[in-house]
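Peer 1: One structure, as structure tokens, below. Some questions next.
Every read-out reported here was derived from the displayed coordinates using simple, explicitly stated rules and does not represent laboratory data. Source: prediction; values computed, not measured. In this analysis, Cβ positions are derived from the backbone assuming ideal geometry, glycine residues included, and neighbour counts consider all displayed protein chains.
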Amino acid sequence: MMEPACIENPEHRFMHELVGPGDRFLAALVRDFIEREIKPIRREMEESTRGDFSLVEEVQRKLVGLGFQGAFLPPEYGGWNLTSALTYCVILEEFGRGEPACVAALGGGAWAFRPAVIAGNHTLLEDFGPRFTSGEPYVACFAMTEPSGGCNIENVDMQGRGIHTRAVLDGDEWVINGSKVWPTNSGIADVYCVVCNTDPSLGDEGIALIYVPVPIEGFSFGRFEDKAGFRASREGDFYFDNVRVPRAYRAAGPGEDAVLLHDNLIFARLFSAAWAVGIAQGAFEEVLAFTRDHKMAGRPLRQHTEAANILADMAIGIQVGRDAYVNAAYMFDHPETYGPRTSRYMLSRSTVAKVFCCDMAVEVTNRAMELMGFYGGDPAYHVEKYWRDNKIIQLWEGGVQLGKLDVARGYYPYDQFYENEMYEPAKGKGGKP
């Protein structure tokens, strides 16, 4: 009888004191769904993304049936009040090891509407909440990145000055002009949470999160992006030309929206870390089975010392990454103990998890491919897909470089625009500051 690919108990990957029975139940529910509905058709799903996308949409419709689409809403609006960062992280790790991008349509809705839920904006919750719990797919998009902005919007030192999409109040309506690129669910979303600026001179006070339902006059979509990985999600560019929405569709107000934006970005780095761990876990499981089934010099590849060392390095990275995101997410969920969720300390801790986990997943998938040789690039084994899928997670939300600056903020008051008394004198003398 062939030995099992892995003898690890998934229940023991987490400290039960941090990840409770409810979280483990949801993780097991998703794990079962992944094994039953997604893993057998992963290759066909990716092929569908190059065609009519129908197979991906079929899987997403089944996910709606599980009840996750409106789970983030308060109970009075038909949801589960699922707001815990740790719960989302544990769930997304499971999706990561199956088909990371297929949950983006649902996850994008939770991310886009978190600001409205946290702010308690009853107008938005009453107007849009029932659509998320109708049992039919209803998609939201958190529209942040801009063509000229790079990671300026995520950069706390910019204080909103890098946001070029403008929102001007005209009576009881916001008038929005500008453009966005790369937001997940763009082109398929029913409603967009748009990161805007009312006045760049106001700093964080000028940041506004405004919800735009589509179709609406003045909104136009460009094209879907053709990506190396994460093909089961859709991203593209779109434009606002004097788009008008009600004044009440702003998440909160001056200053408050900046806090909500920073809260959302920290939350995103946590679930990105978990997604990356799931991808690494999926690749690890593939290579464990491969090295069991393939022999070299008469014995399974994984029974050779060098292979065992490489597999051990993968396991170490995955478990350390998992512990990092679990600890950080637990702290985020307990501000009464660890301080405000949008503090520089929490920004640093969440980013430590994201940067480490994404770098680790790149390394794990790469080493898995090396152990498998040419089979590592064979789509039938899915490792090359894990490799491609993780890279986009590593790049989004400001990428590794901005991430490391945010890590530093947790240890000293780092400021990109730190005053330098030599700047003006050097400039005046024609020198380079």
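Peer 1: In percent, how large is the relative contact order of region 257-408, given Cα pairs closer than 8 Å and 6 or more residues apart?
Peer 2: Worked out over region 257-408, it gives 34 percent.
Peer 1: Let me ask another. Which three numbers, in whole Å and largest first, are the semi-axes of the equivalent ellipsoid of the chain derived from its Cα gyration tensor as √(5λ)?
Peer 2: The three semi-axes for the chain are 37, 27, 21 Å.
Peer 1: Another question, then. When you take every Cα atom in region 77-207, what is the radius of gyration, and what is Dmax, the widest Cα pair distance, in Å?
Peer 2: 16.0, 49
Peer 1: Applying 1/(1 + (r/R0)^6) with R0 = 45 Å to the Cβ-Cβ distance of Val214 and Ile316, what FRET efficiency is obtained, to the nearest 0.05?
Peer 2: Once the sixth-power term is evaluated, E becomes 0.45.
Peer 1: So if a site counts as exposed when it's one of the trypsin sites (Lys or Arg not before Pro), its DSSP state isn't H, G, I, E or B, and it has at most 12 other Cβ atoms within 10 Å, what's the longest stretch of the chain without one?
Peer 2: My reading of the result: 51-428 is the longest stretch.
Peer 1: Would you work out the relative contact order for region 10-139, in percent, from Cα pairs under 8 angstrom that are 6 or more residues apart?
Peer 2: Once divided by the residue count of region 10-139, the mean separation gives 30 percent.
Peer 1: Between Glu173 and Arg43, 0.36 nm times their residue separation minus their Cα-Cα distance comes to what?
Peer 2: Length gained between Glu173 and Arg43: 42.2 nm.
Peer 1: So how strong a dipole does region 257-408 carry about its Cα centre when Lys and Arg Cβ are +1 and Asp and Glu Cβ are -1, to the nearest 20 debye?
Peer 2: Once rounded to the nearest 20, the dipole reads 200 debye.
Peer 1: A further question on this structure: How much length, in nm to one decimal, is gained on full extension between Glu370 and Ser134, taken as 0.36 nm per residue of separation minus their Cα-Cα distance?
Peer 2: 80.3 nm
Peer 1: Another question about this same structure. Give the residue from Gly236, Ala273, Ile210 lying farthest towards the positive end of the charge dipole for the chain; charges sit on Cβ (+1 for Lys and Arg, -1 for Asp and Glu) and the dipole is referred to the Cα centre.
Peer 2: Highest projection toward the positive end goes to Ala273.
Peer 1: I want to check the label-to-label distance for Ser84 and Glu126. Put each point 7 Å from Cα in the C-beta direction and report it in nm to one decimal.
Peer 2: 3.1 nm
Peer 1: Give me, ordered by chain and number, the residues 5 or more places off Ala143 or on other chains with an amide H under 5 Å from its own placed amide H.
Peer 2: It is Cys193, Val194, Val195, by chain and number.
Peer 1: Hey, another quick one. Might you report the magnitude of the Cβ-based charge dipole of the chain about its Cα centre, with Lys and Arg at +1 and Asp and Glu at -1, to the nearest 20 debye?
Peer 2: Numbers: 42 positive and 60 negative charges, 164 e Å.
That gives the chain a dipole magnitude of about 780 debye.
Peer 1: At most 14 other Cβ atoms within 10 Å and a DSSP loop assignment: could you name the chymotrypsin sites (Phe, Trp or Tyr not before Pro) in region 357-428 that fit?
Peer 2: Tyr411, Phe417, Tyr418
Peer 1: Ok, one more. Above 20 Å lies some portion of the pair distances; for region 257-408, what is it as a whole percent of all C-alpha pairs?
Peer 2: I get 51 percent for the Cα pairs in region 257-408 exceeding 20 Å.
Peer 1: Collect residues whose amide H, placed 1.01 Å from N in the peptide plane, falls under 5 Å from the amide H of Glu173; neighbours closer than 5 in sequence don't count.
Peer 2: Excluding prolines and chain starts, which carry no amide H, the hits are Arg247.
Peer 1: Quick check on the exposure proxy: order Thr351, Thr337 from fewest to most C-beta atoms within 10 angstrom.
Peer 2: If I rank by nearby Cβ atoms, fewest first, I get Thr337, Thr351.
Peer 1: Would you mind calculating the relative contact order of the chain from Cα pairs under 8 angstrom and at least 6 residues apart, reporting the percent as a whole number?
Peer 2: Taking the mean separation of contacting Cα pairs over the length of the chain, I get 16 percent.
Peer 1: Moving on to the next point. Extension gain Phe221-Gln303, at 0.36 nm per residue separation less the Cα-Cα distance, in nm?
Peer 2: 24.2 nm
Peer 1: Hey, another quick one. Calculate one ³J(HN,Hα) per residue across region 308-321 by plugging θ = phi - 60° into the Karplus curve 6.51 cos²θ - 1.76 cosθ + 1.60, and present them in order as whole Hz with x for glycine and proline.
Peer 2: Once θ is set to phi - 60°, the couplings for region 308-321 become 4, 5, 5, 5, 5, 4, 4, 4, 4, x, 5, 5, 5, x Hz.
Peer 1: Report P(r) for region 142-255: all Cα-Cα distances, bin width 5 Å, range 0 to the bin holding the largest distance, values in whole percent.
Peer 2: Spelled out bin by bin, region 142-255 gives 2, 13, 23, 25, 19, 12, 5, 2, 0 percent.
Peer 1: So which chymotrypsin sites (Phe, Trp or Tyr not before Pro) in region 281-370 end up in coil per DSSP with only 10 or fewer other C-beta atoms within 10 Å?
Peer 2: Values: sites: Phe284, Phe290, Tyr325, Tyr330, Phe332, Tyr338, Tyr345, Phe356; in loops: none.
Listed in order of number, the matching sites amount to none.
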